[in-house]
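What follows is a set of notes on a single structure, which appears directly below.
The values are calculated or read from the model by the stated rules, or taken from the named source; none is laboratory data. Here the structure is a predicted model, which means the values were calculated and not measured. As a convention, Cβ positions derive from the backbone with ideal geometry for all residues, glycine included, and neighbour counts pool all protein chains shown.
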Amino acid sequence: MRESTDARVATAQRYRAFAEVEARGMSACYERWAAGVAADPALVSLIDQLPAVKRQPNLVFSAARFHGAKVGEYGEFAAWLREHWSEVAATCLSHATQTNESGRCAVLLPALAALAGPLALIEVGASAGLCLHPDRYSYRYHRGGGGDVSGGDSGGGERMLHPADGPSPVVLDCMLSGPVPVPEQMPEIVWRAGIDLHPLDVHNDADVAWLDALIWPEHDDRRLRLRAAVAVARQQPVEIVRGDLNDEIEALVARAPAGATVVVFHTAVLAYLNEQGRNRFAAQMTRLPVRWLSNEGQSVAPGVLERLLETPAEASAFVLALDGQPIALTQPHGRSLHWLG
Ligand SMILES: C[S@@+](CC[C@H](N)C(=O)[O-])C[C@H]1O[C@@H](n2cnc3c(N)ncnc32)[C@H](O)[C@@H]1O
């Protein structure tokens, strides 16, 4: 577990770790805010009024931005937070960090397209379900160094792939390396459903505003993508069952249509479970008649790290694994995909 999300770690230390490890290079604003909080005992005392699991920087900063905190210097933010603390604290108590990143579909798609279809998709930890529409987005796969992307139609080391009914308003860019089986066409998805402890509803403006606030300040490309993906998802609603993934998965698998390959997938989810929960889920994936596609931090999905033959250069890289076997390394928001040989 990261120091910033570990409820046992003191608040100042959590914010310092968040500034130095997670925000540095990713968000100059959050780096300033987190470093500022870490050195500000008055603000730390305020945040310490929350239960320990709710003191995480990502949650507090997202809640502040949800209520209108402006991107800027720490002094201005600290003054704003003191003034609006009761609203921010209430949102921290009622909400959770559940970023939904449709960009992750770009790293899932080659693995999905390589499976025998038609497919029935089940996403556990689906949030608002934006990753349940991989066949409704357009993809622009790039090859580092301008190399060939097999089957390409636009040349120049780039390959576009569109939904069957034409280009999507959501275009996902992904840089490829290694022998990636770039799909020639979209997988046929005949059924889809999700599970989440707290499903967010793409039709609910407050839920969409929360998803927006969870995106870090400088990541405007992701914010635009969120709006476009929500518009796509609003056209074709998908059921997301409320509940714990371990408790709900078997019944949902049983509802999938006969004749389809059932794929249970998850991205950035198992880190929320304790070791016992992760092992229970892995055992269910082995027992149930499904293909299991996981995209998680390196030591998160049980058994995957042990089977990894290459040590990832980036400690933050996720591992994409099919039925527990690593097949690729991925950038956590889906910006790049390195297929393993
Ligand atoms: C970081 S979000 C990732 C959402 C989505 N998979 C994506 O990649 O965009 C993690 C999601 O997992 C859900 N979650 C965490 N623990 C869960 C559990 N035990 N059962 C079901 N959902 C869970 C959270 O509510 C949250 O929506």
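Within region 299-314, can one find any residue that is under 20 Å from I189 (Cα atoms), assigned by TED's automatic domain parsing to the domain that holds W216 and either of a type outside the set (D, E) or touching a Lys or Arg at 6+ places or on another chain (Cβ under 8 Å) (or both)?
Within region 299-314, not a single residue is under 20 Å from I189 (Cα atoms), assigned by TED's automatic domain parsing to the domain that holds W216 and either of a type outside the set (D, E) or touching a Lys or Arg at 6+ places or on another chain (Cβ under 8 Å) (or both).
Could you check region 246-299 and list, in sequence order, the residues that are within 11 Å of the ligand (Cβ to nearest atom), free of Cβ contacts under 8 Å to residues at least 12 places away in the same chain and either touching a helix residue (DSSP H, G or I) at 6+ places or on another chain (Cβ under 6 Å) or more than 25 Å from A317 (Cα to Cα) (or both)?
The one that is within 11 Å of the ligand (Cβ to nearest atom), free of Cβ contacts under 8 Å to residues at least 12 places away in the same chain and either touching a helix residue (DSSP H, G or I) at 6+ places or on another chain (Cβ under 6 Å) or more than 25 Å from A317 (Cα to Cα) (or both): D247.
Only one of these is touching a strand residue (DSSP E or B) at 6+ places or on another chain (Cβ under 8 Å), under 24 Å from G144 (Cβ atoms) and more than 16 Å from the ligand (Cβ to nearest atom): P163, P187, P179. Name it.
Going through P163, P187, P179 in turn, the sole match is P179.
Find all pairs meeting these conditions: Cβ atoms under 6 angstrom apart; at least six residues apart or on different chains; first residue within region 327-341 and in contact (Cβ under 8 Å) with a residue 24 or more places away in the chain; second residue among the charged types (D, E, K, R) and crowded, with 21+ Cβ neighbours inside 10 Å.
Listed pairs, sorted by first residue: H333/E101; G334/R104.
Just the residues that are buried (at least 20 other Cβ atoms within 10 Å of the Cβ) and more than 19 Å from A271 (Cα to Cα), please, taken from region 110-129.
Scanning region 110-129 gives P110, A111, L112, A113, L119, A120, L121.
Of everything in region 190-207 that's away from the ligand (no atom under 14 Å from the Cβ) and in contact (Cβ under 8 Å) with a residue 40 or more places away in the chain, which residue is farthest from G129 (Cα to Cα)?
That would be V190.
Cβ-Cβ under 9 Å, sequence separation 6+ or interchain: first residue in region 110-132 and in the same structural domain as D247 (by TED's automatic domain parsing), partner among the hydroxyl-bearing types (S, T, Y) and more than 9 Å from the ligand (Cβ to nearest atom). Which pairs?
If the second residue must be among the hydroxyl-bearing types (S, T, Y) and more than 9 Å from the ligand (Cβ to nearest atom), the pairs left are P110/Y141; L115/T261; A116/T261; G117/T261; P118/T261; L119/T261; A120/T261.
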